[in-house]
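Chemist: Let me give you the structure first, and then I'll get to my questions.
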Amino acid sequence: MKSKFFCVLLLGGLATHLVAKPISPSNPEDLRKAALQVDKYVAEIFRSKKLEVPAVVDDSTFLRRSFLVAAGRIPTLDEAASFLEIDDPAKREILTGYLLQSDGYRSHMQNYVFDLLRAKDDGPNGSEAFTAPYMNFIQESVTNNVPWNQFAHQLVSAKGIAWEKGSGAVGYYIRDKGMPLDNLSITMQIFTGERLECAQCHDSPTNKWERMDFFELAAFTHGQREINEGVWREALRGYDDKAYKNGFRRSELGKVFYWLRDNVHYGTLADQGAGRIKLPKDYQYKDGDPGEMVGGKTQFGKKIRSSDRKDSGKSRLEFAKWMTTQNPNFDYIAVNRMWERVMGSPLTYPVDVYVKPEKAASPALASYLSRLMVELNYDLKAFQNVLLLTKTFQFAANPKAFDAGVPQAFNGRQLERMSAEQMWDSLVTLVADKPDDLAKRKFSEHIYYQNKPILVGDKTMGQLTREVVSIKDPAEYREYAEQLLETFNTGGSSSRSNGEDMMKASKSRPGPAKGIARASELAAPAPAGHLLREFGQSDRELIGAATKEANVSQTLEIMNGHVEKMVVANKEAAVYSALEKGTTEADKTRYIYYAILSRAPTEAEMNMLMRDVIDGSQESYRNLVSALIATHEFMFVQ
């Protein structure tokens, strides 16, 4: 049995192209040559240890490893059978192309970026002042494979109204609203591998950063104001204090006022930075005085200062340009993160700490990969394509290499349990015949008040926000709010609205998909008690907060929780299509193995199953499915 994707890719995926200079992310021959160059550097590491280069894994291991690493799930029965039963020397490269072209890659990469940025669906007071457009911005950026340097620049230099088209990146700063210094520390950790959090309070005892260094960097991103801030507060004060104390906030008009605060004002960012910041009152070092105003200044890469000693309103723009183009940290940290993502371990530990190339296990490889990232124009998909094409990615672990001191990063993937998202998406694959075609996150610009769409066909959330933040007079603001309340009381419809429009709006509210879907499309993070959380999904409060540690709850989930309900007891689950495709008990058993473990059963396994387990009944196959899902082989990435 063979699926269509191999036929298509065999015809078009291996065409030879002329090598272009510089390297082209879209030129397969360029990517192959880059992969060979990576393998040469890795081979030198083994030669220096007087060891042979490791052998590559078999087809089944490669198949499963590739799917979990590139697409975040196991292959379907059809995908597994197509790969394992085809006889073509180029099929591994063809599979890599298939995976990177799939929506599964987008889904898995989206999970990665969500985690890295700590992106969450729940906003303040349950509002969507920035979460929906921010999550949509990330999703669109991954879908469109926006270059990493451009994506980072958009985040760090963001301004405007989150709900306006192209401004969803504003959510990056609003995510940490009220904590701009913490946000700076996180930015530096994510994109430059410099850990400045200690220097926020004192000269760091563990690295080179002093407290003044921190505040000079913080000056670039200081001054994060809401657009036309203060008018809302002044308008609120215009109402009788007695009325306010007697429950104005709980009144109908009061609810509208606070809805405007949480859903309109909260999701705006006025300019691109002040370029100056006051030292804190407890500043204790001789290089500055408490309360002193200092300007922006960088300490590594190309040294720059904020443009002037006044509020230029553009210092974050300067900072974004510096971060993405004028220091070597940005390139290497991106390289190190992608190497860890594909190979399972970073080139240097920890993954988010900058290490000079000459201190890496292979300085030549570290330098080459940094140049390659730049030559590929920070195309993370193309960069991962190179790594997935290497023999290094295919290595089987060699214990002798560990004993000789070869780092894990060059010695085959470390055996580790699937991430929570990989586990969930693999279970979804056993349920749905085409897991990548399931429901996606929704996004619309409809205005919702108390969970009901309003002004459908008349205004979008972006248009409403633009109207509100343009009001300068508190009295005019109060009049606008009162008129808005009147609109809400009449059902929130307009002359251009109709029942069909309202029905569509009620079904297209921004937010996660409902029902069964890939992890990337569900609430982020999932609610407590969900399988994703039980298997260690990040709570999105800290970078790298996900865990793969085992616990009793996971055992219960597999035995009689989500796994039992989703897969084993679900007669419609895709895994049971194996029973229709096979004509004999042995065939059916083999296809179930394909669907769950991405391999055929060994001769010993087949003999035991035919003798002691499989009797042709539906129950015996359900028992087999349940047993295979509970194995370490299913739950681990090899």
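Chemist: Given the stretch 393-500 reduced to its alpha-carbon atoms as identical point scatterers, what log10 I(q)/I(0) does the Debye formula return at q = 0.13, 0.19, 0.24 Å⁻¹?
Modeler: Cα-only, vacuum Debye calculation for the stretch 393-500: -0.72, -1.02, -1.26.
Chemist: So, one more: Mind listing which GluC sites (Glu not before Pro) in the stretch 247-339 are in a DSSP loop and have 15 or fewer other Cβ atoms within 10 Å?
Modeler: Of the GluC sites (Glu not before Pro), the ones in loops of the stretch 247-339 whose Cβ has at most 15 other Cβ atoms within 10 Å are Glu292.
Chemist: Which ³J(HN,Hα) values in Hz, rounded to whole numbers, follow from the phi angles of the stretch 625-632 under the Karplus curve 6.51 cos²θ - 1.76 cosθ + 1.60, where θ = phi - 60° and Gly and Pro get x?
Modeler: 4, 4, 5, 5, 5, 7, 7, 5
Chemist: For Gly223, what residues show an amide H to amide H distance below 5 Å, using hydrogens built from the backbone and excluding near sequence neighbours?
Modeler: Ala274
Chemist: Near the amide H of Ile447, under 5 Å away, which other amide H atoms are found, from residues 5 or more places off or on another chain, if H is placed in the peptide plane?
Modeler: The answer is Ile454, Met461.
Chemist: A further question on this structure: Report, to two decimal places, the Cα Rg of the stretch 550-637 normalised by 2.2 N^0.38 Å (N = number of residues).
Modeler: Relative to the rule-of-thumb radius for its length, the stretch 550-637 sits at 1.07.
Chemist: Still on this structure, I have one more. Of the peptides 179-192, 382-395, how do they stack up when ordered by the mean number of other Cβ atoms within 10 Å, highest first?
Modeler: Final packing ranking: 382-395, 179-192.
Chemist: Apply the Kirkwood formula to the chain: the hydrodynamic radius equals the inverse of the mean of 1/r over all pairs of different alpha-carbon atoms; give it in Å with one decimal.
Modeler: This gives a value of 27.3 Å.
Chemist: Any chance you could run the full-extension gain for Val552 through Lys49? It's 0.36 nm times the residue separation minus the Cα-Cα distance, nm to one decimal.
Modeler: 176.9 nm
Chemist: If each of Tyr285 and Asp88 carries a label point 7 Å out from its Cα toward its Cβ, how far apart are those two points in nm?
Modeler: Once both label points are built, they end up 6.0 nm from each other.
Chemist: Output ³J(HN,Hα) for the stretch 200-214: one whole-Hz value per residue in order, computed from phi by the Karplus curve 6.51 cos²θ - 1.76 cosθ + 1.60 with θ = phi - 60°, and x for Gly and Pro.
Modeler: Going residue by residue, I get 5, 10, 6, 4, 6, x, 10, 8, 7, 7, 9, 5, 5, 4, 4 Hz, with x marking Gly and Pro.
Chemist: Shifting gears a bit: Evaluate the relative contact order of the chain (contact order divided by residue number), counting alpha-carbon pairs under 8 angstrom at least 6 apart; express in whole percent.
Modeler: Answer for the chain is 18 percent.
Chemist: What's the angle, to the nearest 10 degrees (0 to 90), between helix 252-263's Cα axis and the longest principal axis of the chain?
Modeler: So the inclination is approximately 60 degrees.
Chemist: Still on this structure, I have one more. Please list, by residue number, everything in the stretch 187-228 whose backbone N is under 16 Å from a paramagnetic label point 7 Å out along Cα→Cβ of Met293.
Modeler: Only 216, 219-224 pass the distance filter.
Chemist: If you don't mind, another one. Give me the dipole magnitude in Debye, nearest 20, for the chain about the Cα centre, with unit charges on the beta carbon: positive for Lys and Arg, negative for Asp and Glu.
Modeler: 1180 debye
Chemist: Work out the FRET efficiency for Lys321 and Asp615 from their Cβ-Cβ distance, taking R0 = 56 Å, and round it to the nearest 0.05.
Modeler: After rounding to 0.05, the efficiency reads 0.25.
Only the coordinates and a few stated rules stand behind these numbers; no lab work does. From a predicted model like this one, the values you see are computed outputs, not experimental measurements. No Cβ is skipped: glycine too gets one built from the backbone with ideal geometry, and neighbour counts run over all protein chains shown.
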